[in-house]
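Values in this text are rule-based calculations from the coordinates and carry no lab data. Since we're looking at a predicted model, the values are computed, not measured. Here Cβ is always computed from backbone atoms with ideal geometry, including for glycine, and neighbour counts include all displayed protein chains.
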């Protein structure tokens, strides 16, 4: 039953925006509407009203993460565990550092040769960094190291991550390519699809490695433990599912005005599905105990990783004589986000980084719903205790 429910839900997530786009374009899709990878951009203009609203949400997010007491959180006064620092960095940390360093140097110095390495350097760059993170986790908490203790789970995360990201590449069609790949023509489309699949295998492992590191450092373990309980019935979850699918349906009609729907809709749909299937989600503790730690700490994982990966991406790029962005790295991407294309940090508009908070939660939900439905007997590193304190 769980497998059928998950497969059916994913198929509907795929079908609903397609149906909306089909009706919007009267069955005649524009040329290159479904071409992957997109290589050209458009020029959405900043909008002061949307910028203002976005700024308000940005301020609220800052207050929630930095000053949670503003939202009714209480200060935790119970026992706390100290950081453990007695372990040496493991050998895979140094291997990861070497692999990552060579890959990053090829980006930063704009290598064009050897093509067999430069054009695929994004893969060792990401996985080298994963092993750096895992090595740091091992140093502070050996039990939290996925490579040391959960190799099968780490590999499963990598496989699951491919579909978890490619569904966003699919949804990107319906918002007229908020991100695109100017240098993708360095490869054929078929080879690039393989490249994208292999590259995206790192995304979910990255989020879990960051989570394990943040918990091992014990910086935020107690900050969000005593938050408000937000209880809601399963009837509300049904309404949320309807809202999620509604967002996906209307997105092709007003893509510039509701582009953020592709980041919100899968989260509320998957979280509600997991509730119906009695699978634990980051929202479970909020509804039952008021412990927001897992949700808020995990939300920061891709915000942290996003700063790194956007920096790597920026380092690999350069401008052509006509001013167009380009790179020797086929994975190089750029953005054309409606209304907020202003105040850039690397290639990403400043306010666009809020999307990484949502993508973090998506990574956990996607991995957990696939794992819970198809591999329920597999040990889950976070199944017994969401927050190690």
Checklist line | Simple label model, 7 Å out from Cα along Cβ direction - residue 35 to residue 190, nm | finding: 1.8 nm
Notebook entry, point to check: Which ordering of 62, 204 is given by a fewest-first count of other beta-carbon atoms within 10 Å?
Noted result: 62, 204
Checklist line | Ranking of 141, 319, 134 by count of other Cβ atoms within 10 Å, fewest first | finding: 319, 141, 134
Item checked: Inter-probe distance in nm under a simple model that places probes 7 Å from Cα toward Cβ, at residue 69 and residue 115 -> 6.1 nm
Checklist line | Cα→Cβ-extended label distance, 7 Å offset, between residue 230 and residue 8, nm | finding: 2.8 nm
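Relative contact order for the chain: what is it in percent, counting Cα pairs under 8 Å that are at least 6 residues apart? Intermediate values should be presented prior to the final figure.
Details: 572 pairs, mean separation 104.8, N = 389.
About 27 percent, as a whole number.
Which value in deg cm²/dmol, rounded to the nearest 500, describes the helix-derived mean residue ellipticity at 222 nm for the chain, given -39,500 (n - 2.57) per DSSP H run of n ≥ 4 and division by the residue count? Walk me through the numbers on the way to the answer.
Values: 15 runs with 218 residues, N = 389.
Theoretical 222 nm ellipticity from helices: -18000 deg cm²/dmol.
List 151, 143 from most exposed to least, where exposure is judged by having the fewest other Cβ atoms within 10 Å. Before the final figure, lay out the partial values.
Values: 151 11, 143 14.
Fewest-to-most Cβ neighbours within 10 Å comes out as 151, 143.
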